[in-house]
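Here the structure is laid out as structure tokens; the discussion comes afterwards.
The values are calculated or read from the model by the stated rules, or taken from the named source; none is laboratory data. These numbers were taken from a predicted model, which means no experiment stands behind them. Here Cβ is always computed from backbone atoms with ideal geometry, including for glycine, and neighbour counts include all displayed protein chains. In case anyone asks, the SASA skips ligands and DNA or RNA and just uses the protein heavy atoms, side chains included. Shrake-Rupley method; radii C 1.70, N 1.55, O 1.52, S 1.80 Å.
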Amino acid sequence: MAGEDKVQADAAQEGAEEILETVEGVLADEEELLNTAAEGELDVAALQASVTTLETQVAALKDQELRTQAEMQNIRRRAEMDVEKAHKFALEKFSNELLPVLDSLERAIEASQSDEEAVKVLREGVEMTLNMFVAGLEKFKVEQINPMGESFNPELHQAMSMVPNPEVPANNVMAVMQKGYTLHGRLIRPAMVVVSKG
């Protein structure tokens, strides 16, 4: 895409240069006509017609030049946006590879609910590791989606099943099977949820 933009920018630049050369040529012709008229070699009507034609050509070329410059600005803006997107989402694949590690740490915490002292210490260590991991990802704009108790949002959540439950309003998330994640606001994995039928 960036290469294509560069080709377009080069073509637009060449077009602008051609327009400038043509405008300079037209202005030189106009000046020559005026000099000739001043010497009395042409009649006034023919001179006026030539001047009108040249002025029309100059106006058309100036308009074309303005369009070319606008096109160049658009190409430059698109190229800048492409570069910004590339910087923002360069970590998407890497982030996706890390998500199963987060899931495993959360499962380890869930599985270590015993009151034994050794298990408590182990759970605390895993919780600290998980918190540090999540905080580290947040620094790179990887945000967690945990929609427990929220309304179901098909743009961020994936419904695994719908369960009737009169105590929970319809279309609310009753359980989160797996948390979702976004990178700079772009969804990289939806939260897998159980939704209430009401």
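Along the charge dipole of the chain, pointing to its positive end and built from +1/-1 on Cβ of Lys, Arg, Asp and Glu, which listed residue (Leu187, Gln13, Pro100) has its Cα farthest out? Ranked along the dipole, the leading option is Pro100. Distance between the 7 Å Cα→Cβ label points at Glu97 and Asn171: 4.0 nm. Each stretch of four or more DSSP H residues adds -39500 (n - 2.57); spread over every residue of the chain, this sum gives -23000 deg cm²/dmol at 222 nm. Based on Cα contacts under 8 Å between residues 6+ apart, the chain shows a relative contact order of 16 percent. Overall, the ratio between the Cα radius of gyration of segment 146-193 and 2.2 N^0.38 Å, rounded to two decimals, is 1.14. Of all the options Val119, Val163, Val44, the one that moves most in a Gaussian network model of the chain with Cα springs shorter than 10 angstrom is Val44. A Cβ-based charge dipole, computed about the Cα centre of segment 111-198 with Lys and Arg at +1 and Asp and Glu at -1, lands at about 440 debye. The lysine pair count for segment 84-161, using Cα distances under 25 Å and pairs eight or more places apart or on different chains, is 7. Could you identify which residue out of Glu31, Glu80, Glu127 has the top mean-square fluctuation in a GNM of the chain using Cα springs shorter than 10 Å? Residue with maximal mean-square fluctuation among Glu31, Glu80, Glu127: Glu31. The modelled label-to-label distance between Glu117 and Ser151, using points 7 Å beyond Cα along the C-beta direction, is 5.1 nm.
Within the listed set Ala86, Ala175, Ala59, the Gaussian network model of the chain (springs between alpha-carbon atoms below 10 Å) gives the highest mean-square fluctuation for Ala59. Measure nothing but the geometry: give the 0 to 90° angle between the long axis through the Cα atoms of 92-111 and the longest principal axis through the Cα atoms of the chain, rounded to 10°. That helix lies at roughly 20 degrees to the long axis. Give me the accessible area per residue for the chain, probe 1.4 Å, as a whole number in Å². Accessible surface, normalised per residue, equals 67 Å². What a 1.4 Å probe finds exposed on segment 82-131 is 58% carbon and sulfur by accessible area, rounded to a whole percent. What angle, in degrees between 0 and 90 and rounded to the nearest 10, separates the Cα long axis of helix 117-139 from the longest principal axis of the Cα atoms of the chain? Taking Cα atoms only, the helix is inclined about 10 degrees. Once Rg and the Kirkwood radius are both taken over the C-alpha atoms of the chain, their ratio Rg/Rh works out to 1.44. Taking the Cα atoms only, what angle lies between the long axis of helix 2-38 and the longest principal axis of the chain, rounded to 10 degrees? The answer is roughly 20 degrees.
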